[in-house]
Amino acid sequence: MASKKISKLKTSPDGSSGAINIGISEKDRAAIAAGLSGLLADTYTLYLTTHNFHWNVTGPMFNSLHAMFMAQYTELWTAVDPIAERIRSLGHVAPGSYAQFAQLSSLPDAPAQPPKALDMVRILVEGHEGAARTARALFALVDKASDEPSADLLTQRLTVHEQTAWMLRSLLDE
Ligand SMILES: [Fe+2]
């Protein structure tokens, strides 16, 4: 068995060798990565809940909600990658387990028993609003650190979450 060699060059929080010098302090990079980890957990949790509802929705609105949820979970699934990779670019480890996501997410897990169709819609409105709040709470820090790529990413996520919340909310009007 080969002996395990521990690198003496270990200088980054993610365990990679080599210092990061992109003009954002180590403290700010850590804080932004932590905030983005919360957004990643919210996004993944909302993705899974939306896919769950795509599978389990019933009732007269089945066709339209089944298709709408598919478009939404596909968008959320695509969104997790750039968030995780921004965390990596800041020199930190991207969380990627159900246990970590459950701990980091501001959103509840999907209910074990499928709710009625309009209750699904209500849960998803709350999920998109919660993810928007998580993204928005990071803006002050990202601005202060002149972290434009993270600001750009947050802007894109806020646009999607607020627009999707509006579309879902519109279904609840009498
Ligand atoms: Fe499907």
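Can you tell me how many residues in segment 36-57 are in a helix (DSSP H, G or I) and within 16 Å of the ligand (Cβ to nearest atom)? Show your work before the answer.
Filtering segment 36-57 for residues in a helix (DSSP H, G or I) gives 36-56.
Remaining after also requiring within 16 Å of the ligand (Cβ to nearest atom): 47-56.
Total satisfying the criteria: 10.
Across segment 93-103, a minimum of one residue is classified as more than 16 Å from the ligand (Cβ to nearest atom), within 10 Å of the chain's Cα centre (by Cα) and modelled with pLDDT of 95 or more. Could you say whether any residue in segment 6-21 is open to solvent by 50 Å² or more (accessible area, probe 1.4 Å), modelled with pLDDT of 95 or more and among the polar types (S, T, N, Q)? Scanning segment 6-21 turns up no residue that is open to solvent by 50 Å² or more (accessible area, probe 1.4 Å), modelled with pLDDT of 95 or more and among the polar types (S, T, N, Q).
Taking segment 35-58 as the range and being without any contact (Cβ under 8 Å) to a residue 40 or more places away in the chain and open to solvent by 50 Å² or more (accessible area, probe 1.4 Å) as the test, only W55 passes.
Among the candidates L65, L90, L76, the residue that is crowded, with 16+ Cβ neighbours inside 10 Å, away from the ligand (no atom under 16 Å from the Cβ) and not acidic (D, E) is uniquely L90.
Listed by position, the helices (runs of 4 or more DSSP H) enclosed by segment 98-174 that each have at least 3 residues that are open to solvent by less than 20 Å² (accessible area, probe 1.4 Å) and within 19 Å of W55 (Cα to Cα) are 117-137.
Of all residues in segment 103-131, those satisfying the criterion of being touching a residue at least 40 places away in the same chain (Cβ under 8 Å) and of a type in the set (A, V, I, L, M) are L104, L107, A110, A117, L118, M120, V121, I123, L124, V125, A131.
Taking V125 as the residue in question, decide whether it is in contact with a helix residue (DSSP H, G or I) (Cβ under 6 Å, 6 or more places away or on another chain) and over 24 Å from L153 (Cβ atoms). No, not satisfied.
The values are calculated or read from the model by the stated rules, or taken from the named source; none is laboratory data. All of these numbers come straight from a predicted model, not from anything done at the bench. Heads up, the Cβs are rebuilt from the backbone with ideal geometry, glycines too, and the neighbour counts pull from every protein chain shown. Quick note on the areas: whole protein, heavy atoms, side chains included, nothing else; ligands and nucleic acids left out. Shrake-Rupley method; radii C 1.70, N 1.55, O 1.52, S 1.80 Å.
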